[in-house]
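A quick write-up on the structure given underneath.
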Amino acid sequence: MCIGPEGDKNGVTPGECAVKLVKAGASIVGVNCRFGPGVSLKTMKLMKEGLHAAGLKAHLMVQSLGFHTPDCGKGGFVDLPEYPFGLEPRTATRWDIQKYAREAYNLGVRYIGGCCGFEPYHIRAIAEELVPERGFWPPASEKHGSSWGSGLNMHTKPWIRARARREYWENLLPASGRPFCPSLSKPDF
């Protein structure tokens, strides 16, 4: 098992892991669970580079956590002091997941999903981001006016209406609302 962009406990890199799996007969390789969107995509990039360098091809899949985990160790989110009952402040926004879906797709990943911490609105965010590729909108997208908050255009407050654009949500740095809490943790392991 390869874990994270640094590789596994034996020093096997994600690229080496992907090559070993494909040579052993795997037709699909990827990352499932343990890491958030950013770390999972970084690992996928390394796997794809390893396959390319070896002249191999495989279908690529990624199912990240619904939590941000840039500070976890090789064991993933299970090593964080917040695991398992205090992870909610790390929850990815729907906009984070739309970005994750686009980056994964652009990387060549065609099986894009989520694991622990993913909620229905995260799955809808993936489907909404990939509308151009899929050719249709997912059910329930009308709840917030297609993509990127366009439904806010009808709000009575002008500062809320100003949020009805992709650039606002892509550049938002959401606060946790928890005074005196650190932005990152130190893994237990």
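Worth pointing out:
- Among the protein heavy atoms of the chain, carbon and sulfur supply 58% of the accessible surface, probe 1.4 Å, non-protein parts ignored.
- Net length available on complete extension from Asn171 to Thr156 is 3.1 nm, with 0.36 nm assigned per residue and the Cα-Cα distance removed.
- The chain: translational diffusion in µm²/s, Stokes-Einstein, Kirkwood Rh over Cα pairs, 10 °C, 1.306 mPa s: 89 µm²/s
- Per-residue SASA entry for Tyr111, accessible area with 1.4 Å probe, Å² rounded to 10: 120 Å²
- One chain, two ends: Phe136 and Lys186. Fully extended at 0.36 nm per residue, the span grows by 13.7 nm beyond their Cα-Cα distance.
- For the residue pairs Lys23/Lys99; Lys48/Lys99; Lys23/Lys48; Lys48/Lys186; Lys23/Lys186, the alpha carbons lie more than 26 Å apart in Lys23/Lys99; Lys48/Lys186; Lys23/Lys186.
- Ordered by 1.4 Å accessible area with all protein chains kept, Ser27, Ser185, Ser64 run largest first as Ser27, Ser185, Ser64.
- Taking the DSSP beta bridges with both ends in the chain, the antiparallel portion is around 20 percent.
- Rounded FRET efficiency, nearest 0.05, which uses the C-beta distance separating Arg102 from Arg163 and R0 of 22 Å: 0.65
- Since only Leu107, Ala125, His68 are under comparison, the one whose Cα sits farthest along the positive direction of the charge dipole of segment 14-142, derived from C-beta charges on Lys, Arg, Asp and Glu, is Leu107.
- Restricted to Cα atoms, segment 2-59 shows a radius of gyration and a Dmax of 10.4, 28 angstrom.
- Projecting the Cα atoms of Gly38, Tyr168, Pro14 onto the charge dipole of the chain (Cβ charges, centred on the Cα centre) puts Tyr168 farthest toward the positive pole.
- Accessible surface computed residue by residue for the chain, with neighbouring protein chains in place and a 1.4 Å probe, gives 58 Å² per residue.
- Taken about its Cα centre, the chain carries a charge dipole of about 360 debye when Lys and Arg each add +1 at the Cβ and Asp and Glu each add -1 at the Cβ.
The values are calculated or read from the model by the stated rules, or taken from the named source; none is laboratory data. Predicted model, so just to flag it, every value in this text is computed and none were measured. So basically every Cβ, Gly included, is an ideal-geometry build from the backbone, and we count neighbours across all protein chains shown. For accessibility, only protein heavy atoms count, side chains too; no ligands or nucleic acids. Shrake-Rupley method; radii C 1.70, N 1.55, O 1.52, S 1.80 Å.
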